[in-house]
Every structure is written in C-alpha cells, then in structure tokens.
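**Q** Let me begin by handing over the structure; questions about it come next.
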Amino acid sequence: MSVAELLDSKVKSAFGPYVVRKELVHEISRLPRFISEYLIAKFYPTGESTQEDVRKLETFVAIHFPELRDKDKILHDIMTQGSYTLMDEFKVETDIKGGRHRLFVPCLNIRDANVLPTILDENTDLLRSGMWGVATLKYEDGLPLDSTTSPVLMTKFTPFEVVNVKLSEFASKRQLFSREEWIDLLVRSIGLNPDSYDYKQKLLLLLRLVPLVEPNCNVLELGPKATGKTYLYRNISYSTRLIAGGRVSPATLFYNIATKTLGEIGVRDCVVLDEISKLTFSNSEEMIGKLKDYLVDGFFERGPKKAHARASMVFMGNVESLSPSSREIVNALPHFMRDSALLDRIHCFIPGWELPKIMQSSEHLASGYGIVADYLSEVFHQMSIGGSFSNIISDRVKFESRATIREEKAIKKVASGVLKLLCPDRRCGEEDILMAMNLAVEGRQRVNELLSSISPEEFGESEIRFSLNRI
C-alpha cells in the first residue's frame, strides 16, 4: 500500500462521514470550495461518482445557483410560477424603525425581500454573517402599487452546514496519525497536494491557517501570483471575508453609523485585505487610525459604537521576485503599511515567494480523501473562539534575547495558532513546541527586518533567541 493509500485508509476510518474525495470538487465551478464539497458529500455519499452523478450535480447547480445574467429570468419565473428554489449566501438585516427584516439575495440582487420569522428563529446566523443554503422564494401577489415592501418572501430555508461538530472529537483523532501524516492531511484538506510541497513549504501553508484558528492574529504575506493565497481564504472558511483591492470604508470594516450594523471585523473570524497595493481607503486618516488601534488588542470605536472583536487581519500583496530584496518588499507595500507604527502591529510575515505556483490541477491540487471543508471550517471556528495555547508557550519557552513585549505577544500568538493545528488535543511534545516557536520567531523576525528597512533609526537590527525549559 502506497503512502497516499495508507493516508486515505486512515482518514476514512478516523473521520467517517466527514471526508470527501478532493479531486471531485473540480467538477463544480463558481461555488466556494466548502459549498462544493458539501454538495459532493450529498451527491456522492460513497466517495465515488458515475457520469450520471456528475450530470445530476451539474444540473442541480445550474438550476439552483443562477448566474447574474439570469436574474430577470428567475424573477419572471418567481412572478409567473409563484415560487422558485435557489441556493445562495443569504443575509438578513433588521430594520428596527420599520419593524421588519430585510433579506439580501445576492444572485438576484434583491436587498429587501421578506423572510418568515420561524426561519430566523431556526437560523439565527442569517442575522449575523449570513448563511449558505437552499431557499424557496414565494411571490406575494396583491400588494398595493405604492408599497415599499418587496413581493418576494422566503418561505423555506435549508442551510448548508454540518451539525453536531465537536472540537473534542476532532482533536481525539490526532493520535491516530503521525505528525507528518497529520500535516499532510491538513494540506490535502485545504485542497492542495502535499506531495507538491517540501516540508518547510507545508509549514508555511500551516502559517496561512493560523489567522483562522487564533483570534486577533495579524499576518502579512507577499508573494508571486498563483501561489494559492486568495484560493485558500476564499474557499476554506465561511467565517472569512476576502476584500480584494478597491475602496474600503470604515463602515465596511468596523461599523456603519447610518444602518447601525457591525462591519466585517465584527462578524468574521478573519478579514483578508487582498491586493493591498491597489487598496484605497475612504476617510483615510480615520481608517488608518482605527486600524492601528484595532490591530493592538481588538478594540475599536466608531461613532456611538465601542466594541471588541476577535477577527484576525490578513494583508496580502504581490511581489514577483523569487528572492526579493528589502527594497522590492517595501515597494510592494501600500503607503499606509510603510508606517512603522502600523507595521509593528503585524505578528507574522509569510514569505510567499518560497511557495511554488499552482500551475496544473493534476499536480498541485489535492486528490484522494481529505476532511470535508465545511466540517474543517467549523472546527477552525471553534478553535478560534476556544482557549489559547499560549500558556503552553509560557510554561516551556524562555526568551534569551531582549525581546519587546510586542514581539513576545506576537510570537506567542502565532505559536499558539500553530500548536492548535499540530496538536488540537493539547498533547504537545518538545518537537511540536520547537516547530511552532521556530515558525513564529521566523515570522516575527521578518517583520523586524522590514521595520529596520523602513525606519532604521527607530528599529535597529536584532535577533530573537529562545530556549526550551526542560521538564
């Protein structure tokens, strides 16, 4: 039995109904990976597929997840046939002045549909970050011509989510795998082929996951295009929001004073600002000031709203060189990130140029059995809201250099996230702690080197050193 076949067997035995053949996801387009894998698990419960299965799934997606160009055709069908069933990421806002709820249906560009109260009682996350699912939309005929109420009503909703996910059960499976097998399983489960990466590159992929499992962890990654940065954050977790370039306002990120609703930072586990060189801020001074405050300890204040949020922040940008100089790295940053006060709040800098480009699906994308993405997404969410592993670091690690409080905090936070991924059962051996610390120290050391390039008088060259206390 090959190494891959052995891992397949262990994964199926350990995680049973929460596994899927990862290559099957390539048969579905336009949907986030965690939704595609949910549908695959429903259509291919045995893990195998026939041509008839593929046709059924393709037909289901084509009918129930319409493209934007089909919007008016679907609205026509709702109006003439009385109802229509479709899937989307639905979101409900509360209009307290009007005494009603407003349903947002993205694929139809409807922002003021109605929803039955019983649906909200059973699916409260519709009122938080929104939920993917299948809904029946009904046309309410007979409204007055001057009515401001939408004639579209959600009468049924089935969410796309796994139920009864227990982090303790996930963690208990860790001891069934060696450390190398467990890392390969995580890499395969996020949709990548572990055989296409060397050991150090796999650890860099784990660093990308740290903001999903460790709250208020701020990460910067620069690297060439097509290394999978955007692919990961867009497809692995429903608790992540990716904002690619463009103009971003304080209302979008923090709090909308007009609508009295929290921005993305208040409702997500992780907010990703992609293509940061193309990012601009409305109310730039306010935005950068609030961003600096938030990156320190997770608190923000805007208008009447004062709040603490757990969302980690990830800043991603492109640098094409496979061995960029400090000047090239600085030039790849937007001007607001060349501020040493902001940059010093970054906990980890991932060198994306050390990862290979994803060129061919047969070579770089996962095949074989892995943990289904929506189950893994919920596990990551529970890790994020659960306890920190930083006490393990504090008990076992001694900093030998004169690390600043901010450096120690950054290293402990990143190392905690790595240990959550490596040892979810908290059974951390010396090698696990050493691996987590080396990754965290290297990540923060790169931040320090960048700070030294930007502001050499304030941030001189320094080396962070540590040792492990023997037990």
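**Q** Considering amide H positions built from the backbone, and no H for Pro or chain starts, which residues 5 or more places from LEU242, or on another chain, come under 5 Å of its amide H?
**A** When sequence neighbours closer than 5 places are left aside, the close amide H contacts are VAL272.
**Q** Something else now. Quick check on the exposure proxy: order GLU214, GLU463 from fewest to most C-beta atoms within 10 angstrom. All intermediate terms of the calculation are to be shown ahead of the outcome.
**A** Numbers: GLU214 30, GLU463 10.
The fewest-first ordering by Cβ neighbours comes to GLU463, GLU214.
**Q** Continuing with this model, one more query. Return the FRET efficiency for the residue pair LYS12, ASP425: r is the Cβ-Cβ distance, R0 is 22 Å, and the value is rounded to the nearest 0.05. Numbers along the way, then the final one.
**A** Numbers: r = 20 Å, r/R0 = 0.93.
Approximately 0.60, to the nearest 0.05.
**Q** Give, in nm to one decimal, the length gained when the segment between GLU140 and GLU181 is fully stretched (0.36 nm per residue of separation minus the Cα-Cα distance).
**A** 9.3 nm
**Q** Could you tell me which of rounded, prolate or oblate describes the stretch 216-360, using a ≥ b ≥ c as the square roots of the eigenvalues of the alpha-carbon gyration tensor, with rounded for a/c under 1.5 and, failing that, prolate when a/b is larger than b/c and oblate otherwise?
**A** Prolate is the answer for the stretch 216-360, as a/c is 1.5 or above and a/b outweighs b/c.
**Q** Could I ask something else about it? Kirkwood hydrodynamic radius (Cα pairs, Å) of the stretch 68-159?
**A** By the Kirkwood definition, the hydrodynamic radius is 13.3 Å.
**Q** Which percent, to the nearest 5, of DSSP beta bridges fully inside the chain are antiparallel?
**A** Looking only at bridges with both residues in the chain, the antiparallel portion is about 60 percent.
**Q** Past the 27 Å Cα-Cα mark, which pairs from LYS260/LYS413; LYS306/LYS413; LYS56/LYS202; LYS305/LYS412; LYS73/LYS97?
**A** Working: LYS260/LYS413 32 Å; LYS306/LYS413 24 Å; LYS56/LYS202 36 Å; LYS305/LYS412 30 Å; LYS73/LYS97 33 Å.
Checking Cα-Cα distances, LYS260/LYS413; LYS56/LYS202; LYS305/LYS412; LYS73/LYS97 exceed 27 Å.
**Q** For the stretch 305-356, which GluC sites (Glu not before Pro) are both in a DSSP coil and crowded by at most 13 other Cβ atoms within 10 Å? Don't skip to the end; give the middle numbers.
**A** Details: sites: GLU320, GLU328, GLU354; in loops: GLU320.
Here the sparse-neighbourhood loop sites are GLU320.
**Q** Report the extension gain between ILE405 and SER321 in nm, rounded to one decimal, defined as 0.36 nm multiplied by the number of residues separating them, less their alpha carbon distance.
**A** Taking 0.36 nm per residue and subtracting the Cα distance, the gain is 26.9 nm.
**Q** Please order ASP8, ASP121 by the number of other Cβ within 10 Å, starting at the fewest.
**A** Ordered by Cβ neighbours within 10 Å, fewest first: ASP121, ASP8.
**Q** On full extension of the chain, what length is gained from GLN360 through LYS166, given 0.36 nm per residue of separation minus the C-alpha to C-alpha distance?
**A** Net length gain for the segment: 66.3 nm.
**Q** Just how large is the dipole of the stretch 361-434 about the Cα centre, in debye to the nearest 20, putting +1 at every Lys and Arg Cβ and -1 at every Asp and Glu Cβ? Display every interim value, and only then the final one.
**A** Numbers: 10 positive and 11 negative charges, 89 e Å.
Dipole magnitude for the stretch 361-434 comes out near 420 debye.
**Q** What is the distance, in nm, between label points placed 7 Å from the Cα along the Cα-to-Cβ direction at GLU52 and at THR155?
**A** 3.2
**Q** Sticking with this structure for a sec: Determine the relative contact order of the stretch 216-360: mean sequence separation of Cα pairs under 8 Å and six or more apart, normalised by residue count, in whole percent.
**A** After rounding, I find 38 percent.
Where a number appears in this text, it was derived from the coordinates with a stated rule and is not lab data. Given the structure is predicted, the values throughout are model-derived calculations rather than measurements. Positions of Cβ are backbone-derived with ideal geometry, glycine not excepted, and every protein chain shown enters the neighbour counts.
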